[in-house]
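Undergrad: The structure follows.
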There are 2 protein chains.
Amino acid sequence: MKPVINALLFVSAALATGALSSAQAAEPVKEDFKPSSLNQPGKEYPQVNSQGYARFRIEAPKASAVNVSLGLGGQGGTNLVKGEDGAWTGTTAGPMDEGFHYYHLTVDGGTFNDPGTANFYGSVRWESGIEIPAHDQDFYALKNVPHGHVQEILFPSKSTGTSRRAFVYTPPDYGKNPNQRYPVLYLQHGWGENESAWNNQGHANLIMDNLIAAGKSRPFIIVMTYGMTNDIKFGSGLANFDIKPFQTVLIDELIPYVDANFSTLSDRAHRAMAGLSMGGMETKTITLANLDKFSHIGLLSGGTFAMDDVNKTSGFKDKVKLAFVSYGSRELDRPAGNGAPRQGGDPRENAAALKNAGINSVFYVSPDTAHEFQSWRRSLREFAPLLFKD
Amino acid sequence: MKPVINALLFVSAALATGALSSAQAAEPVKEDFKPSSLNQPGKEYPQVNSQGYARFRIEAPKASAVNVSLGLGGQGGTNLVKGEDGAWTGTTAGPMDEGFHYYHLTVDGGTFNDPGTANFYGSVRWESGIEIPAHDQDFYALKNVPHGHVQEILFPSKSTGTSRRAFVYTPPDYGKNPNQRYPVLYLQHGWGENESAWNNQGHANLIMDNLIAAGKSRPFIIVMTYGMTNDIKFGSGLANFDIKPFQTVLIDELIPYVDANFSTLSDRAHRAMAGLSMGGMETKTITLANLDKFSHIGLLSGGTFAMDDVNKTSGFKDKVKLAFVSYGSRELDRPAGNGAPRQGGDPRENAAALKNAGINSVFYVSPDTAHEFQSWRRSLREFAPLLFKD
């Protein structure tokens, strides 16, 4: 089966600016800027203020132009201005959306990262990252609760002729009782990212630690590997994307390795898959073709389940115990035809149709966020408690 | 006890250039350049050739000057030259030493990373990295052997009021037999680095996988955490460095957490500590003050054991089962007084004196390498097989 994949999901990533509209930028800028939490040790810039403005400072005394790719939508980022001390500074023209944003600098025509911040893999490169403190950041905060471990594993892959990397989150009580076995969620990143995204940008481990400590989620294992998505050139469409190589790695190599090396419950009732953006498309394609292996499915800003999918997929109604779909509100607010959600029908209407048909269909909208990680952090927070409710 | 720490160890890091002398650069440059193995996906530059030259290409069409910090010693790195296509290119004036080197760019007076390569934490910042293929790189190659896992853990630390991060390498057969317990090596990074260095730059996990697969080392656990070294300003000397905060984290918090959460052998006979550069100084100070907890000690380019240490430390002769000291040959070749090795006596003579006194003293020199990771990769390869030989 060659999957028909929605090329517009790519476009939606390009449209994500992480910015409110300029109409909302009228309030005076408060001078309570603090270093971003993602800054490298000891670095004062970039900074963020309580309204969500970001301020940058780049030392490049002999440069003729410095631009930051982050800014209000449609304004080409933020141009910095050179001061008398030779440093380039500037503030976004309005508040950014809450949460994590990728960005980079353009210095005299070259693309560089901000030396003030840590780097995060996105857009098929290590990008700079900035965190706009969110009103609900407590759910992914590092707290004094029992913490699970994140294991970097190298699993053998005959189909690709190498050892491949994955990260495995094991919950806090994992290993304490050798007889305890756990369900597993396979969780995929988006286009341009890799297997490090869900923990580094998404804080999946901390989200789970906090949910488990609060008794809101059953403890389970999360496995994150590279979805082999980045051979696709951005904007070239996905018509030629072949799911087979990744499906082989996941189904024939990674899952057997995880079940052999971790204390898993290896039946389909205790295996889930979810992904964001292009990882959601991979999730949909792979799970619907392998319902003997998966029971719970999550598409985060990455497609929708329509009744057409249900009707075309043998056993959907019996075997899919959870069909979870989520989006950032700014994705849904986009005019019809100009973004992912409208392709394949309105995802809200689709979710309602599945529910009417007796399927455990859950639809979640992240308020005031776009095609970015704050939408997906919140989506995981909503999704995890619904999993593996035996 | 306030440790007397050798400030010159800092200087030795500053002197490490990763370069042969310019006298050796006479041979014509071979045009067999290939992308460095550390490049970001799809990036053609930086490149290395079979002689160890490095070549750079930076797009910054409007810049007025681009310099790469890597180059022959004493030459201030490598200045790039702007081509007609607007890209800046240049090749080191001679071959670099084999192995890993940190570097960064100076673009119009600003410090940036090379957008072609991955980033590695050193010099208290995320630096660019390049790998000069080594003739002996097989020992840290990713091979088709059973692989251990590297776990990211967050352990509670009352003394610092937070959850602290560590990485834990568990050998390939870890967890297969719930009754099997393993010795533990605590392994420290150097000044300017953090707990990610030994795996990212050092390939400690792959070195151990390969040693274990070849039957050369007993399987053991390795724990790597942040040594709290970077509050010290580079070049300001270490007279004010207080080992207490890190010693408290390690001895009172991390070791009990590891013994409670992993299948360890928790007696002193099965606990080792080693570190590179400033991590070696920490190792020496902490182990000699805690010989009830450690039996095997390694100082990698980070100090030496003199008979004075033996005589001043109660129980040294009985309790220290291995006193391992190593250096890169270029550190030892430096004129007396201009580097770490001469402080506290010649490390070769010290090692011989300990051996004569009946102590299991082992001294290793990494050929043709400086105060850099190739010395420490090789040192771990030599050190690991000597550990925990019950």
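Undergrad: Could you check which residue among A:I251, A:I132, A:I58 shows the biggest mean-square fluctuation in a GNM of chain A with a 10 Å Cα cutoff?
TA: A:I251
Undergrad: Then there's this: If you stretched the chain out fully between B:S64 and B:T89, how much longer would it get, using 0.36 nm times the residue separation minus the C-alpha to C-alpha distance?
TA: Extra length from B:S64 to B:T89 when fully extended: 7.7 nm.
Undergrad: Let me ask something additional. Could you name every residue in the stretch A:55-87 that has 10 Å² or more less accessible surface in the full protein assembly than in its own chain alone (probe 1.4 Å, ligands and nucleic acids excluded)?
TA: A:E59, A:A60, A:P61, A:K62, A:S64
Undergrad: Counting protein heavy atoms only and a 1.4 angstrom probe, how many square angstrom of accessible surface do chains B and A bury in total, to the nearest 100?
TA: Between B and A, the summed buried area is about 3300 Å².
Undergrad: Please compute the Kirkwood hydrodynamic radius over the stretch A:194-317, one decimal place, Å, based on all pairs of different Cα atoms.
TA: Evaluated over the stretch A:194-317, this radius sits at 15.9 Å.
Undergrad: Can you list the residues in the stretch A:170-197 whose accessible area drops by at least 10 Å² when all protein chains are present, compared with the chain alone? Use a 1.4 Å probe, heavy atoms only.
TA: For the stretch A:170-197, once contacts with the other chains are taken into account, A:K176, A:P178 lose 10 Å² or more.
Undergrad: Relative to the other copies, what are the label-point distances for A:G315, with labels 7 Å from Cα along the C-beta vector, expressed in nm at one decimal and sorted shortest first?
TA: Values, ascending and in nm: 6.2.
Undergrad: How many nanometers, to one decimal and shortest first, lie between the label point of A:D252 and those of its other copies, if labels sit 7 Å from Cα toward Cβ?
TA: Inter-copy label distances (nm, one decimal, shortest first): 5.6.
Undergrad: Could you please state how large a percent of the accessible area of the stretch A:139-386 is carbon and sulfur, counting protein chains only and using a 1.4 Å probe? Write down the numbers at each step before the final one.
TA: On the way: 4110 of 8600 Å².
The C+S portion of the solvent-accessible surface of the stretch A:139-386 is 48 percent.
Undergrad: Right, something else. Given 10 °C and 1.306 mPa s, how large is the Stokes-Einstein diffusion coefficient of the protein assembly as shown in µm²/s, with Rh as the Kirkwood radius over Cα pairs?
TA: In µm²/s, the coefficient is 57.
Undergrad: With a 1.4 Å probe and every protein chain left in place, tell me how much accessible area A:E31 has, in Å² to the nearest 10.
TA: Ignoring ligands and nucleic acids, A:E31 comes out at about 130 Å².
Undergrad: Further question: Once you keep just the Cα pairs under 8 angstrom separated by 6 or more residues, what percentage relative contact order results for chain B?
TA: Numbers: 860 pairs, mean separation 60.5, N = 390.
Worked out over chain B, it gives 16 percent.
Undergrad: Here's something else I'd like to know. Pull up the cross-link candidates among the lysines for A:K34, meaning alpha carbon to alpha carbon under 25 Å and not fewer than 8 places away within one chain.
TA: A:K34 reaches A:K43, A:K82, A:K143, B:K233.
Undergrad: Here is a further query. Find the centroid of the Cα atoms in the stretch A:152-203 and in the stretch B:39-85, then give the distance between the two in whole Å.
TA: 36
Undergrad: When the helix-only estimate is applied to chain A (DSSP H runs of n ≥ 4, each -39,500 (n - 2.57), divided by the residue count), what is the mean residue ellipticity at 222 nm, nearest 500 deg cm²/dmol?
TA: Using -39500 (n - 2.57) per qualifying helix, the result is -5000 deg cm²/dmol.
Undergrad: Then there is this: Which whole-Hz couplings ³J(HN,Hα) result when phi for each residue of the stretch B:320-326 is put into the Karplus expression 6.51 cos²θ - 1.76 cosθ + 1.60, θ = phi - 60°, listed in order with x for Gly and Pro?
TA: Per residue, the Karplus-derived 3J(HN,Hα) values read 7, 7, 8, 10, 9, 10, 9 Hz.
Undergrad: When the convex hull of the C-alpha atoms of the stretch B:139-386 is computed, what volume per residue in Å³ does it have?
TA: Measuring per residue, one finds 124 Å³ for the Cα hull of the stretch B:139-386.
Undergrad: State which entries of A:K30/B:K62; B:K293/B:K355; B:K355/B:K389; A:K176/A:K284; B:K244/B:K317; B:K176/B:K216 exceed 29 angstrom in Cα-Cα distance in the structure shown.
TA: Listed pairs above 29 Å: A:K30/B:K62; A:K176/A:K284.
Undergrad: Now, a different point. So between A:H135 and A:K30, what do we pick up on full extension, going 0.36 nm a residue minus the alpha carbon distance?
TA: Difference between extended and current length: 36.1 nm.
Undergrad: Pop out the ³J(HN,Hα) list for the stretch A:286-294 in order, Karplus 6.51 cos²θ - 1.76 cosθ + 1.60 with θ = phi - 60°, rounded to Hz; leave Gly and Pro as x.
TA: Couplings: 6, 5, 5, 8, 9, 6, 6, 10, 10 Hz.
Undergrad: Determine the per residue accessible area of the stretch B:139-386 with all protein chains present and a 1.4 angstrom probe, expressed in square angstrom.
TA: About 35 Å² of surface per residue is accessible.
Undergrad: Related question: Looking at chain B, send over the antiparallel percent of its DSSP beta bridges, to the nearest 5.
TA: 65
Undergrad: Let me ask you something else. Rounded to a whole number of µm²/s, how large is the Stokes-Einstein D of the stretch A:33-103 at 37 °C and 0.692 mPa s, given Rh as the Kirkwood radius over C-alpha pairs?
TA: Numbers: Rh = 12.6 Å.
Once the numbers are plugged in, D ends up at 261 µm²/s.
Undergrad: Heavy-atom accessible surface, probe 1.4 Å, ligands and DNA/RNA ignored: which residues of the stretch A:125-159 lose at least 30 Å² versus the isolated chain?
TA: Buried by 30 Å² or more upon assembly, which counts only protein chains, are A:R125, A:W126, A:L142, A:H147, A:H149, A:V150, A:Q151, A:E152, A:L154.
Undergrad: Could I ask something else about it? Go ahead and set up a Gaussian network model of chain A, Cα springs under 10 Å, then flag whichever of A:G94, A:G315, A:G77 fluctuates most.
TA: In this elastic network of chain A, the residue with the biggest mean-square fluctuation among A:G94, A:G315, A:G77 is A:G315.
Undergrad: Taking θ = phi - 60°, what integer Hz values does the Karplus form 6.51 cos²θ - 1.76 cosθ + 1.60 yield along the stretch A:375-385, in sequence order, with x for Gly and Pro?
TA: Values, residue by residue: 4, 7, 4, 5, 5, 5, 4, 7, 6, 4, x Hz.
Undergrad: Please determine, in degrees from 0 to 90 and to the nearest 10, the orientation of helix A:347-356 with respect to the longest principal axis defined by the Cα atoms of chain A, where the helix direction is its Cα long axis.
TA: That helix lies at roughly 20 degrees to the long axis.
Undergrad: I've got another one for you. Counting C-alpha atoms alone, how compact is the stretch A:83-157: give Rg to one decimal and Dmax as a whole number, in angstrom.
TA: For the stretch A:83-157, the Cα radius of gyration and maximum Cα-Cα distance read 17.4, 56 Å.
Undergrad: Follow-up. If you put a point 7 Å past Cα along the Cβ direction, how far is that point for A:K216 from the same point in each other copy, in nm, smallest first?
TA: Nearest to farthest, the other copies are at 5.0 nm.
The values are calculated or read from the model by the stated rules, or taken from the named source; none is laboratory data. Please read these numbers as outputs of a predicted model, since none were measured by experiment. Cβ coordinates were reconstructed from backbone atoms using ideal geometry, including for glycine residues, and neighbour counts include every protein chain displayed. Ligands, DNA and RNA are excluded from the accessible area calculation, which covers all protein heavy atoms including side chains. Shrake-Rupley method; radii C 1.70, N 1.55, O 1.52, S 1.80 Å.
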